[in-house]
Amino acid sequence: MRDLNVFVAPAGNAFMRDIAAWLVEAGQQLGRRATLRVDGSPPDDPDAINLVVAPHEFYLLADFDDATIHRAAGLSVPVCTEQPGTPWFDISEITARTSPMALDINAHGVAALRARGVDARHLRLGAVPSIDAASAPPGIDRDIDLVFLGSRTDRRGERLAAMAPVLWNHDVDLRLFPFHEPVLDGAPGLVFGADKYRLLARSRILLNIHRDATRPGYFEWARMVEAMANGCCIVTEPVTGYEPFVAGEHFVETDDLEGAVTELLADPAACERIGRAGREAVLGSFPMTASLDPVLRELDRPLQPVDRRVPRYRRRMTVAQQHPLLPAFEHAGGLRQRVYRALIAETTLQREIERVRCLVRHGTDDHVERVESAAYAAATPEVSVVVTLYNYAHLVTETLDSIVASDGVDLEIVVVDDHSTDAGRATVGEFIARHPGVAIVLLGSDINRGLPAARNLGFEAARADKVMVMDADNLVYPNALRRLADALDRDPSAAFAYAGLEEFGVTTGVRSAYDWHVRWLCKGNYIDAQAMVRKQAWRRHGGYRTDDDLVFGWEDWELWLRFAAAGEHAVHVPQLLGRYRTQAQSMISTTNLVADHMRRHLGTLYPDLPWPADG
C-alpha cells in the first residue's frame, strides 16, 4: 500500500484545497499515510501516489518552467474539477495528456477526457467525517432559511433577481463573489473549510443555479456533497450525472426554483426529511472512501508511462474576465475628451443661467422651497431616507410608497427636488398631503445643482445619523431599512451599510452583491449608491464631491474610495433588500466617453489604494 501525496496550488481557489483535504482524510481513513502538499512539485517516489487537485491551477499558477511541469505531470495523476467546454477544463486536459491516468469528479468530465484520448476514471466525491458540522456539539440551530454559494454570472444574477420577491422576507445568505481571479482563503464574505461547514449546518436550503446556459445540467459535486453532509435540503436546477443519488429523495431538482423554495420554506418537515436523506446517503452509503479506495488500489500497481507530445504550457492561467462596469471606448481619446468637456461646459452654463433666474425671482441665487408634513416636526427618526428627484414624476410615488411600507423603523423622508422640469415637485407635494402621519420634508430647489450636491443638501437636512440614500426611481423591500440599520448597530465602526439589489426593468440581475473588499473596489464600483451611510462619516469626509468634473457620474464610487483611503469600511448585508430600476438612458453614457481617463484620475486622487497593475 503506497503513501498518498495530494497536491493543490497554494495561490489557487480555496475551494480546491477543501477537496484536497477530503482526499487526504479519506486516504488516512483507508489506512494510508496521506499528506496535503501545497509546495513543490510531485516527486519521483515509487512508494507514493501523487494526486494533483485542479491541475489547471496547480501547474500554471506555480513558478514552474515547462520542463518541470512536463516531468511532474508524468509522475502524478490529475484530479480534474472543471466543466467541459471551459478554458479551465482545456488546460487540465493538456496536463492530463502526459499523466498515466486522469481522474475527474464528474462523469461528464470523464467522457470528455476519454473523447480526447485520455485514460480517465470517475472519482465520485463523497463525505468525510470532518465535513459534518451538523452533529458536532454543541448543536447548531438552522437559523438561515436559504444560502447560495457561488460566483456571480449574468445568468445567476437573473435567476436570483427573479427570486427576490420570494426571499426578501426570509433569513437569506447570498455569498456571491467575482470570478475574474482565484478565490483565496480570507476573501471577504466567503467561507471555506470548517467555517463553510458550520454555515451549511445552519442553513435549511442550499440553492444551486448553473453558471450559464451553455453548459446546463452539470452536477456541482463538491457543493452538493458538503451541503448534504450537513443536512441542507438542496434545491437545484435540472442536473445530470448525479448517480448514485436520487432526485426527489436526496435533493430537489426543478425548473421552478421559486415555487420549490416557497413550498419548502412553508413545509419545514419536508425540508428536513430531504436534508436528512441526503446526509445519510453521503455520510453512510456513499462516503469518500468508497470511491477513493478502488482508485488508489489501481494506482498501487505500476502504470504504463505515457509519452505524448503536448503544446507549450501557458505561463498564467486563463481566467474569465469580469465585464467592466463601463466599457470604455478605445479610440479617438482626444476627441472624446473634447466632447466630454463641451457637454460639461454646457451643463455648467445652464446652471449659471438658472442661478440668475433664481436671483431675479427670489432675491437669492439658491432658493429652496420647504414643504413639511404634519408629522414631520415632532418626529425623532432613527433613519433618514434621502430621495433625490429629477424628472421622475411618473415613478417617485412608487418609490415613496415602498419607503412608507418599511417595517420596524422610525423614519423620516427627505425629498430633494433638483429643479425638475416635469411635475415631480407637485407629485411629491400631493403625496405629502395624502400622508400627514408620515414624517416627510420636500426641499424644492429652484436651481439644478446636480446629483452629488442634491444628495449633500439632503444629508444636511437629515436629522438621523443613519441616512439611506435613494434615487427617485428605485425601491426598497419593507425590511430593508431595519436590516441595514441593524447591520450598522452590530458594527459601530462601519461608515456605511449596503445590501444586494434586485435589478428590474429593461434588464434583470443583481448588484451590490459582493462584500466590502478594497482590492475589488479598485477594479470597478460594485456598490450602488443605494446604501445607508452614517451622517458622521459623510460629514467627516466632506460629503459627495461636487468640484471635480472627472468624477461626474461616479460620485458614489469616489466617496467609497475616499472612505477606503481613510481606512473606513462598509458592512454588507447578503440579501436582496432593494430594487434597482434599469432603464435605457442614463448619464453613464456621458461618463463612458472618458471612462479610461476618469479611472486614471481616481488613481491619482488615491494613489495608496491597491489599484490593479493593468490600470
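Structure data summary
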| quantity | calculated |
| --- | --- |
| Amide H contacts under 5 Å for residue 126, placed H, 5+ residues apart | 288 |
| Phi to ³J(HN,Hα) by Karplus 6.51 cos²θ - 1.76 cosθ + 1.60 over the range 126-131, Hz, x for Gly, Pro | x, 7, 10, x, 5, 5 |
| Largest-first ordering by accessible area, 1.4 Å probe, given options 130, 384 | 130, 384 |
| Antiparallel %, DSSP beta bridges [both residues in the chain], to 5 | 20 |
| Dipole axis of the chain (+1 Lys, Arg; -1 Asp, Glu on Cβ), positive-most option in 80, 91, 371 | 91 |
| 222 nm mean residue ellipticity, helices alone, for the chain (DSSP H n ≥ 4; -39,500 (n - 2.57); rounded to 500) | -11000 deg cm²/dmol |
| Those residues of the range 352-393 whose amide nitrogen sits under 12 Å from the label point placed on residue 540, 7 Å along Cα→Cβ | none |
| Candidate lysines - alpha carbon under 19 Å from residue 535, same-chain residues fewer than 8 apart omitted | 466 |
| Tensor-based shape of the range 1-124 (alpha-carbon gyration tensor, a/c under 1.5 rounded, otherwise prolate or oblate) | rounded |
| Structure-derived Rg/Rh (Cα atoms, Kirkwood Rh): which label, when the choices are (1) 0.97; (2) 1.04; (3) 0.94 | (2) |
| Residue 298/residue 519 FRET efficiency (R0 41 Å; Cβ-Cβ; nearest 0.05) | 0.40 |
| Size of charge dipole - the chain - debye, nearest 20, with Cβ of Lys, Arg +1 and Asp, Glu -1, no other charges | 1180 |
| Two-site label geometry, residue 30 and residue 506: point separation in nm, points 7 Å out along Cα→Cβ | 5.6 |
| Net length gained if the chain between residue 378 and residue 213 were fully extended (0.36 nm per residue, minus Cα distance) | 53.9 nm |
| Gain on full stretching of the segment that runs from residue 246 to residue 337 - 0.36 nm per residue minus C-alpha separation | 26.7 nm |
| Positive-pole candidate from 423, 224, 392, dipole of the chain, charges at beta carbon | 224 |
| Solvent-accessible ranking of 228, 1, largest area first, probe 1.4 Å | 1, 228 |
| Modelled FRET efficiency - R0 22 Å, residue 491 with residue 369, Cβ distances, 0.05 increments | 0.05 |
| Inter-label distance, nm, simple model (7 Å from Cα along the C-beta direction), residue 280/residue 115 | 3.8 |
| Counting DSSP beta bridges with both ends in the range 471-589, the antiparallel % (nearest 5) | 40 |
| The chain: angle of helix 14-29 to the longest principal axis, Cα-based, in degrees nearest 10 | 30 |
| Cα gyration tensor category, rounded, prolate or oblate, for the range 466-615 with a/c compared to 1.5 | oblate |
| At R0 = 56 Å, FRET efficiency that the Cβ-Cβ distance of residue 353 and residue 198 yields, to 0.05 | 0.35 |
| On Cα atoms only, tilt of 257-266 relative to the major axis of the chain in degrees | 90 |
| Degrees separating the helix 154-167 axis from the principal Cα axis of the chain, which is the longest one | 70 |
| Within the range 497-541, backbone nitrogen closer than 20 Å to the virtual label 7 Å beyond the Cα of residue 154 toward Cβ | 501-514, 524-527 |
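The values are calculated or read from the model by the stated rules, or taken from the named source; none is laboratory data. All values derive from a computational prediction rather than experimental measurement. Note that we place each Cβ from the backbone using ideal geometry, even for glycine, and neighbour counts take in every protein chain shown. With ligands, DNA and RNA removed, areas are computed over all heavy atoms of the protein, side chains included. Shrake-Rupley method; radii C 1.70, N 1.55, O 1.52, S 1.80 Å.
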